[in-house]
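Please read the structure below before turning to the comments.
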Protein chains: 2
Amino acid sequence: MTADTTPAELEQALAAAATAAPALAAAEPAVRAGWINAVADALDAVADDLVPIAMRETSLPEARLRGEIGRSTGQLRMFADALAEGSLLEVIIDTADAGAKPVPRPDLRRVLVPLGPVLVFAASNFPFAFSTCGGDTASALAAGCPVIVKAHPGHPELSVQTAAVMVEALRSAGAPEGTFGLIQGFDVGVIALKDPRITAAGFTGSVPAGKALHEIAVTRPEPIPFYGELGSLNPVFVTPAAVEARGKEIVAGYVGSFTLGVGQFCTKPGLLFLPDGHGLRDQLVEAVGGVGGGTMLNSRIKEAFDTGRDRLHKIEGVVEWASGGGATLLQTTLADLMVARSEVLEECFGPVSIVVEYDGLDELREAIAAFDGNLTATLQAEESDAELAAEILPLLTEKAGRVLWNGWPTGVAVSWAQHHGGPFPSTVGSIHTSVGVTAARRFQRPVAYQDIPDAVLPAVLRDANPLGVPRRVNGVVSTGEVER
Amino acid sequence: MTADTTPAELEQALAAAATAAPALAAAEPAVRAGWINAVADALDAVADDLVPIAMRETSLPEARLRGEIGRSTGQLRMFADALAEGSLLEVIIDTADAGAKPVPRPDLRRVLVPLGPVLVFAASNFPFAFSTCGGDTASALAAGCPVIVKAHPGHPELSVQTAAVMVEALRSAGAPEGTFGLIQGFDVGVIALKDPRITAAGFTGSVPAGKALHEIAVTRPEPIPFYGELGSLNPVFVTPAAVEARGKEIVAGYVGSFTLGVGQFCTKPGLLFLPDGHGLRDQLVEAVGGVGGGTMLNSRIKEAFDTGRDRLHKIEGVVEWASGGGATLLQTTLADLMVARSEVLEECFGPVSIVVEYDGLDELREAIAAFDGNLTATLQAEESDAELAAEILPLLTEKAGRVLWNGWPTGVAVSWAQHHGGPFPSTVGSIHTSVGVTAARRFQRPVAYQDIPDAVLPAVLRDANPLGVPRRVNGVVSTGEVER
């Protein structure tokens, strides 16, 4: 067990981050990209050292953890590439127009600048990809913000070792002291969140913790944006045609997805809606029986899972279909779900899921409408369902940030087009994502420069476009020069 | 005086907005653009009817109000054009990549969708451009959100008449019932803000009112984004070289800017920093003496102004240089300002401003550092100041959302590159703007569609790009087709 950060250490971390902020803001995008690539390289180089610590602290298997390091360093490099390419800065230039109505228009040049020091609350279930070196950290660094990570107590030693590698890599690459720091301790995190030097916060964790921290962030004397990924049920809706055509495949995909990583994914499908008369019960029971046992991340999470599963079990109308060493499958009907809606639709983190049987299209619509916000919603359908799908997809869009067709929600690709964030309570701040290139936008604010002489402008805004970034100039995107 | 909206009327407005939301979301961008253009045309057509009402209720002069209608309808048309062009949807497409590491990547297509019904708290000082038919309304409609405006009590009759024209124009153009509504009454606005059918809110007004409403919005059981433009001092910093070269011009520009519209602009320059020995006092006193009297928006604002001006007057070290029928000019030194920092740096809405005398570059840096967030910060400098300016501009960037060179902050051009929003307390939500095309982004959230068959996708995401919108496809922006 590592010790909590002391008040003196916290002050040092906050002061260093605040001092680093202007230097990071002034560094050209390609320079920041170099620092981020250096972090990625350093982490890849010490994978053999970090993986055993992670295995010991999280009980996750080696292959998964090695893959997660690859995901994390790939993510860092993606942000570095995006920085170097320049679209992240969202440059818009409108040159002066003396003839504009009702008044002449000045020369205006807009660019995104970093907010300042960002506090990241690390998650337990991805000790690399959503923790010390995870997506919040990578996207904030790409935005040009110093980062202080509040370590998750589920993997304290790994957090310290990862942070040490990152700090050393940044130092060697020439990044300012204070670009990255790590703090430990619940109270320490809350104190940091209230500190005026912190300008934004990212969080991945439970609904109660996320709501409490969100309230602190937004009711500070100087409110700051708080991006929280809280809880999600990730419902999957299956049409009769899909059962008919791919019943066996759906059973395998569903059970694989809800038990993956011992069900400890924010995108675990918590409910599978099957049409009455689906005939898949025996296959589902068999598949769940074949799931091997797995150790959960820590005893606190295991206890919460046991409590949550027992709670679901006791709901009127919910019955157990299967319970093996590794997973539990429950069943109910849509009618029973609607009676106990708020109890059934409460996330239980771990390898449990509920089959909900529905009767006809009206009930399918009713089922979708029953949900609050989710990270994902999935439709399992056939080409012959096109008309139904055209009606259903807008309903799913209202409820989720990612809508899938014939896939499974676990597995979140890291790319430009990804969106990981849905309506409340799946996230606080549904207009932003915590995965994908656009995640950096959470930590940037626009500034417009009016009639500034070319020589004084930030390089990225100068007529000659010396950095060669894409810019919308008088309505047309190009990497060329401005003519004025 | 118009009556407060009744509970039954409020329920009707909220229900209608909620019902309209999916229809607005489903309407193609060009169709929404047509509705918005219809509103602009209708407002232009009734300018002769609305202006006399506005003059009576706000005491603003006819020419200003006619210009403001032009600004408002121009703004609506700008959003309609941007919608039709398509960049507002921020489409990003990453096609499937079976060879991606560490895992194969699915086909992901991201687009921005409307949040849902938006509540707009109208401002008093721009009865058109920041009120019923103002920027928040225009940007939310462009985003595809139904809008409910909480009318400002300073111009109730104008609000009702404007809303009637807008509702009729939308109906005639074929927009869904409930696309736009108006409510009146302070308590009614708070009840609406707490209603779960409202998904975001915009506000322009005072710091205390904005902070109170912000807290309600973000601590609801289901928190929503609250975009508030609160208060700003808009400091102007003048270098010795600028005094030398353009002293007379600076005096005229400054006095004109802080007394424009009886000082009732959120971008009024509240402080002018002049170097010791500037020698402009007599010219400033003369210019202020020549400012004609003007009637303020209403008696409540006049009383608050008188109180605020008297408060500034009584601060130790603050003296009066001039006070005419229309304006008051105060003076202090940077040393005195720093002693009474929080009192001097409290906005006083109306025709008053403070000259602050500073001694040398260190004091100039100290002066900039003294500020919290502002909508704007201005540097008056010469080409010979280039080195100084290169150091000062990043400091101004930390404190403001728009940085000007040799201009005056009043007058906010409506264009793609505009940014109207700075660090707290000038706005809550500094990463967004309330003016300019990107203001629509406040009311949109991304959704990523994963592996959806082309025929089922929203038109804007289909391979053939039937709507011809700009899309980032595998990293390259084009209006062409997707090949897969």
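May I ask you to verify whether B:Ala340 is assigned by TED's automatic domain parsing to the domain that holds B:Ala241 and at pLDDT 95 or above? The answer is yes for B:Ala340.
Inspect all residues belonging to the stretch A:113-135 and state whether any of them is within 14 Å of chain B (Cβ to nearest Cβ), over 29 Å from A:Arg64 (Cα atoms), not in a loop (DSSP other than H, G, I, E, B) and not β-branched (Val, Ile, Thr).
yes
Here A:Leu170, A:Leu233 are screened, and the one residue that is modelled with pLDDT of 95 or more and within 29 Å of A:Lys268 (Cα to Cα) is A:Leu233. I want to confirm something. Restricting to the stretch A:249-271 and keeping residues that are of a type in the set (A, V, I, L, M) and under 19 Å from A:Phe237 (Cβ atoms), which single residue is surrounded by the fewest Cβ atoms within 10 Å (Cβ to Cβ)? This residue is A:Ala252. Kindly evaluate B:Ala413 against the criterion of being closer than 27 Å to B:Gly135 by Cβ and in a loop (DSSP other than H, G, I, E, B). Yes. Considering every residue within the stretch A:164-179, establish whether at least one is more than 14 Å from chain B (Cβ to nearest Cβ) and within 20 Å of the chain's Cα centre (by Cα). No, the conditions are met nowhere in the stretch A:164-179.
Name the single residue, out of those in the stretch B:198-217 being more than 12 Å from chain A (Cβ to nearest Cβ) and hydroxyl-bearing (Ser, Thr, Tyr), that is farthest from B:Ala439 (Cα to Cα). The qualifying residue farthest from B:Ala439 (Cα to Cα) is B:Ser206.
Could you pull out every one of the helices (runs of 4 or more DSSP H) wholly within the stretch A:1-107 that has 3 or more residues that are at pLDDT 95 or above, away from every other protein chain (no Cβ under 11 Å) and farther than 21 Å from A:Ser131 by Cβ?
On the way: elements: A:7-26, A:29-45, A:47-58, A:62-85.
Helices (runs of 4 or more DSSP H) meeting the threshold: A:7-26, A:29-45.
Please pick out the residue among B:Glu343, B:Glu387 that is surrounded by fewer than 18 Cβ atoms within 10 Å (Cβ to Cβ), touching a helix residue (DSSP H, G or I) at 6+ places or on another chain (Cβ under 8 Å) and acidic (Asp, Glu).
Working: B:Glu387 fails: touching a helix residue (DSSP H, G or I) at 6+ places or on another chain (Cβ under 8 Å).
Only one candidate qualifies: B:Glu343.
Quickly run through the stretch B:225-239 and pick out the residues that are of a type outside the set (S, T, N, Q) and in contact with a helix residue (DSSP H, G or I) (Cβ under 9 Å, 6 or more places away or on another chain).
Taking the stretch B:225-239 as the starting set, the residues that turn out to be of a type outside the set (S, T, N, Q) are B:225-231, B:233, B:235-238.
If the condition is that a residue be of a type outside the set (S, T, N, Q) and in contact with a helix residue (DSSP H, G or I) (Cβ under 9 Å, 6 or more places away or on another chain), then B:Pro225, B:Phe226, B:Tyr227, B:Gly228, B:Glu229, B:Leu230, B:Gly231, B:Pro235, B:Val236, B:Phe237, B:Val238 are the ones that fit.
Annotation note: Cβ proximity below 9 Å between a residue of the stretch B:445-472 that is more than 7 Å from chain A (Cβ to nearest Cβ) and within 28 Å of A:Gly429 (Cβ to Cβ) and a residue that is part of a loop (DSSP other than H, G, I, E, B) and among the basic types (Lys, Arg) (sequence gap 6+ or interchain) occurs for no pair.
Filter the stretch A:267-291 for residues that are outside any helix (DSSP H, G or I) and modelled with pLDDT under 95; which is farthest from A:Gly308 (Cα to Cα)?
From the stretch A:267-291, those outside any helix (DSSP H, G or I) are A:267-280, A:290-291; that's our starting set.
Filter again for modelled with pLDDT under 95, leaving A:290-291.
Values: A:Gly290: 22, A:Val291: 20 Å.
Out of the qualifying residues, it is A:Gly290.
Name the residues in the stretch A:218-239 that are among the small types (Gly, Ala, Ser) and within 12 Å of chain B (Cβ to nearest Cβ), would you? A:Gly228, the sole residue that qualifies.
Can you pull out every residue in the stretch A:386-415 that is within 25 Å of B:Pro104 (Cα to Cα), within 8 Å of another protein chain (Cβ to nearest Cβ) and at pLDDT below 95? Quick ask: steps written out before the conclusion?
First, pick out the residues of the stretch A:386-415 that are within 25 Å of B:Pro104 (Cα to Cα): A:393, A:396-397, A:400-415.
Subsequent filtering for residues that are within 8 Å of another protein chain (Cβ to nearest Cβ) retains A:393, A:397, A:400-407, A:411, A:413, A:415.
Of everything in the stretch A:386-415, those that are within 25 Å of B:Pro104 (Cα to Cα), within 8 Å of another protein chain (Cβ to nearest Cβ) and at pLDDT below 95 turn out to be A:Gly411, A:Ala413, A:Ser415.
The stretch A:416-484 holds strands (runs of 3 or more DSSP E) entirely within its bounds, and those carrying 3 or more residues that are on the phi < 0 side of the Ramachandran plot and out of contact with any helix residue (DSSP H, G or I) (no Cβ under 9 Å at 6 or more places or on another chain) map to A:444-450. From the list A:Gly261, A:Gly247, the one residue that fits, being outside any strand (DSSP E or B), in the same structural domain as A:Ala381 (by TED's automatic domain parsing) and either over 19 Å from the mean Cα position of the chain (by Cα) or without any contact (Cβ under 8 Å) to a residue 12 or more places away in the chain (or both), is A:Gly247. Suppose we keep only residues that are touching a residue at least 60 places away in the same chain (Cβ under 8 Å), within 12 Å of chain A (Cβ to nearest Cβ) and assigned to a helix (DSSP H, G or I) within the stretch B:350-385. Which one would you say is farthest from B:Ala439 (Cα to Cα)? In this case the residue turns out to be B:Ser384. The residue that is surrounded by the fewest Cβ atoms within 10 Å (Cβ to Cβ), among those in the stretch B:417-474 that are farther than 21 Å from B:Ile93 by Cα and among the aromatic types (Phe, Trp, Tyr), is B:Phe424. Here B:Met296 meets each of (1) on the phi > 0 side of the Ramachandran plot; (2) touching a helix residue (DSSP H, G or I) at 6+ places or on another chain (Cβ under 8 Å) with one exception, condition (1). Is one or more of the residues making up the stretch B:222-232 surrounded by fewer than 17 Cβ atoms within 10 Å (Cβ to Cβ) and within 29 Å of A:Leu213 (Cβ to Cβ)? The answer is yes, given that some residue of the stretch B:222-232 is surrounded by fewer than 17 Cβ atoms within 10 Å (Cβ to Cβ) and within 29 Å of A:Leu213 (Cβ to Cβ).
The values are calculated or read from the model by the stated rules, or taken from the named source; none is laboratory data. From a predicted model like this one, the values you see are computed outputs, not experimental measurements. As a convention, Cβ positions derive from the backbone with ideal geometry for all residues, glycine included, and neighbour counts pool all protein chains shown.
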